[in-house]
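Participant: Take this structure first; my questions come after.
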Amino acid sequence: MENYFYYDEKECQFIPVTYGLAERVIYTLSLWILVGAVVTAVTLSLLSFSVGSPAEIALKAENKVLYDQLHETRKSIEYLDQQIATIASMDNDIYRTMLGIDPISDDERQAGVGGADIYARFDAYSDPSSDLLRWTASNLEGIERRINIQKLSFEEIKANYNQNKELMRNIPAIRPVSGIILSGFGMRPHPVLGYKRMHEGVDFRARVGTPVYATGDGVVKSARRWRTYGLLLVIDHGHGYETRYAHLSSLADGIRPGVKVERGQIVARSGNSGVTSGPHLHYEVVRNGRPVDPMNYMFADLTPDEYVEYRRIADSMTMSMD
């Protein structure tokens, strides 16, 4: 505590000011309180500058949650994009092909737009946020445009179908059995004969005696044992289409050449006749005398996800069952 003086005119000298104990204690406490207040104020100012105020901290936490949610939304958008691409592929390769409608090109399906930068409003944010917002807005609008194009395509297909109902009833459009695919269409090593040759159909897993269904309306063309196919059933669907069901164990009652059958009707039972490596159903689709990939003719009872899975299995299996 500093000393203070006063001038005594009678004594003509400076006299030191004296303090009592209480005054000294009060002075010391006041000084420490003042210093503490100043230090606290400076500390809070530094923290506010470096960390932020409580309101700013809460806002940063909220922004992080929103940013993370945008990342999750991006994953959902990417999944939707894949689903739409699968539907578009089926639309071109199956539905429009079956009806003889020209496919829609990728450029038409993308329906791109040009001109001014319509996402410039996002530039006010930080680069990561701006990029994510731009990507999200752009892809959502792209998906919306592609869905609208797909809706128009389905309307065209529906109108064409209504004009060709007989054709659509006859086209093989369902799976012949409920089992999964074991091998696809294309060059495959034969499991018994040992050499690589064209596998002109798809193999379905099926135990002996599993019901086999006609995949479209038609007339039985032949039902007999035929070379390595074993017991073979051939159905003529007209319009250039035939289906073949091989390695059967038996035919359904009444199935013989000249008999009319309908899509979904049980026409035979699967088996292990002919040259095979095990029980299954070998199924072929022939169009205008040439075998075609039956995977492209299962659009009536396969969802897009099932189609993708069937296609993955068919392409990954390197050996056929027959």
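The values are calculated or read from the model by the stated rules, or taken from the named source; none is laboratory data. What you are looking at is a predicted structure, and each value in this text was computed from that prediction instead of being measured. Here the Cβ positions follow ideal geometry from the backbone for every residue, glycine too, while neighbour counts run over all protein chains shown.
Participant: Quick check: is even one residue across region 162-170 outside the structural domain of Tyr95 (by TED's automatic domain parsing) and in contact with a strand residue (DSSP E or B) (Cβ under 6 Å, 6 or more places away or on another chain)?
Facilitator: yes
Participant: Further question: Kindly indicate whether any position in region 249-258 is within 15 Å of Asp203 (Cα to Cα) and surrounded by 15 or more Cβ atoms within 10 Å (Cβ to Cβ).
Facilitator: Going residue by residue through region 249-258, those that are within 15 Å of Asp203 (Cα to Cα) are none.
No, region 249-258 has no match at all.
Participant: Considering only region 262-277, state which residues are farther than 16 Å from Val177 by Cα and either touching a Leu at 6+ places or on another chain (Cβ under 9 Å) or crowded, with 18+ Cβ neighbours inside 10 Å (or both).
Facilitator: Scanning region 262-277 gives Ser273, Gly274, Val275, Thr276.
Participant: Now, a different point. When region 98-120 is examined, which residues are found to be at pLDDT 70 or above and assigned to a helix (DSSP H, G or I)?
Facilitator: First, the residues of region 98-120 that are at pLDDT 70 or above: 101-110.
Once the filter is applied, which keeps residues that are at pLDDT 70 or above and assigned to a helix (DSSP H, G or I), region 98-120 yields Asp106, Asp107, Glu108, Arg109, Gln110.
Participant: Using beta carbons and a limit of 8 Å, which pairs, at least six apart or on different chains, have the first residue in region 116-136 and farther than 15 Å from Leu66 by Cβ and surrounded by 15 or more Cβ atoms within 10 Å (Cβ to Cβ) and the second one at pLDDT below 75 and among the aromatic types (Phe, Trp, Tyr)?
Facilitator: Taking only residues 6 or more apart or on different chains, the pairs are Arg134/Tyr119; Arg134/Phe122.
Participant: Now a separate question. What pairs can you find where one residue is in region 141-152 and of a type in the set (D, E, K, R), the other is at pLDDT 80 or above, and their Cβ atoms are less than 6 Å apart, with a gap of 6+ or different chains?
Facilitator: Here the result reads Arg146/Ile84, each pair linking region 141-152 to a residue that is at pLDDT 80 or above.
Participant: Just the residues that are surrounded by 14 or more Cβ atoms within 10 Å (Cβ to Cβ), of a type in the set (A, V, I, L, M) and more than 19 Å from Tyr213 (Cα to Cα), please, taken from region 152-172.
Facilitator: Ile157
Participant: Going by the conditions given, is Asp236 free of Cβ contacts under 8 Å to residues at least 40 places away in the same chain, buried (at least 16 other Cβ atoms within 10 Å of the Cβ) and not aliphatic (A, V, I, L, M)?
Facilitator: Values: free of Cβ contacts under 8 Å to residues at least 40 places away in the same chain: yes; buried (at least 16 other Cβ atoms within 10 Å of the Cβ): yes; not aliphatic (A, V, I, L, M): yes.
Answer is yes for this residue.
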